[in-house]
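The values are calculated or read from the model by the stated rules, or taken from the named source; none is laboratory data. Predicted, not measured: the structure shown is a model, and the values here were computed from it. FYI the Cβ positions are ideal-geometry reconstructions off the backbone, even for glycines, and counts take in every protein chain you see. Ligands, DNA and RNA are excluded from the accessible area calculation, which covers all protein heavy atoms including side chains. Shrake-Rupley method; radii C 1.70, N 1.55, O 1.52, S 1.80 Å.
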Amino acid sequence: MTQQNPSKPWSCILFDLDGTITDSAPGIIGRLSRTLQAMGRPVPLPAELVAFVGPPILDGFRDVASMNEAEAREALVVYRGLAASEGPQDDSRVYPGMIGLVRALHAAGIPLAIATSKSETQALRILEHLEVADCFEVICGSSEDETRSAKADVVEEALRRLREQSIDLTNIVMVGDREHDIIGAAAHGVPVIMVEWGYGSPAESVGAIAVVHSVDQLRTSLL
């Protein structure tokens, strides 16, 4: 799908959402705390709860909170209920410059898509709240029941929808902040540019074709 040494001009750009366009950690951590309280579980420190941000939430309940499958799915129902009731503004703190960059890429005629482990319904609400939903040809997230939640599965579905629109995927790139983005995109031959301002650590950048430290650097890599 991609070139040996991919570089701009990109035929299509996939974006992660949490930790890449929006800083949603405060909203997610707050909901996680209340979910764990409702489940009668101890609530870790906020610094520990950041491990939930980025990967599928269901995985977090299993891996970080040590829940079994049934408990994790019960917790997911509680969490999704909180997310649905709070509104998109709770996850809509945007990294400075990112909305302008999305609009500039759209104005330049580069097809854009979202591939996020956040629920697709919530992702759409957030992007509509930020008034950039119309900049994306595809907004793909996890399904409400998390049967589609692994990043590779989300990327696969986003690519399927893009193909349905006959969008050129011969020189596609993804922008993300966690190793899950790199691994999930690599499963489909999509290279990743990693942003440093998200929730990943430097060790998670292994496999990225570039690591950018600022939105200006990202703009230079994409436009």
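Here is how the numbers come out for the structure above:
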read-out	value
Residue match in segment 156-174 (condition: at pLDDT below 95 and open to solvent by 20 Å² or more (accessible area, probe 1.4 Å))	no
Among (1) within 30 Å of residue 69 (Cα to Cα); (2) more than 16 Å from the chain's Cα centre (by Cα) - the single one residue 205 does not satisfy	(2)
Which numbered condition residue 98 misses (of (1) of a type in the set (A, V, I, L, M); (2) under 25 Å from residue 175 (Cα atoms); (3) surrounded by fewer than 19 Cβ atoms within 10 Å (Cβ to Cβ))	(3)
Filter result (of a type in the set (Val, Ile, Thr), farther than 30 Å from residue 214 by Cα and open to solvent by 10 Å² or more (accessible area, probe 1.4 Å)) within segment 20-45	43
Helices (runs of 4 or more DSSP H) (entirely within segment 91-178) containing at least 2 residues that are within 30 Å of residue 70 (Cβ to Cβ)	120-129, 151-164
First in segment 141-156 and within 18 Å of residue 62 (Cβ to Cβ) and hydroxyl-bearing (Ser, Thr, Tyr), second anywhere and part of a helix (DSSP H, G or I) and open to solvent by less than 10 Å² (accessible area, probe 1.4 Å), Cβ under 9 Å, 6 or more apart	142/58; 142/123; 142/154; 149/58
Residue tally, condition part of a loop (DSSP other than H, G, I, E, B) and either touching a Lys or Arg at 6+ places or on another chain (Cβ under 7 Å) or over 20 Å from residue 136 (Cα atoms) (or both), over segment 189-204	7
Unmet criterion (only one of (1) at pLDDT 95 or above; (2) assigned to a helix (DSSP H, G or I)) for residue 207	(2)
Selection count, segment 137-147, where residues are under 14 Å from the mean Cα position of the chain (by Cα) and buried (at least 18 other Cβ atoms within 10 Å of the Cβ)	5
Subset of segment 11-43 [over 20 Å from residue 132 (Cα atoms), among the hydrophobic types (A, V, I, L, M, F, W, C) and assigned to a loop (DSSP other than H, G, I, E, B)]	39, 43
Flag if residue 55 is within 13 Å of residue 118 (Cβ to Cβ) and open to solvent by less than 50 Å² (accessible area, probe 1.4 Å)	yes
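To keep it simple, each residue is scored yes or no on (1) modelled with pLDDT of 90 or more; (2) within 17 Å of the chain's Cα centre (by Cα).
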site	(1), (2)
24	no, yes
44	no, no
51	no, yes
59	no, yes
62	no, no
66	no, no
98	yes, yes
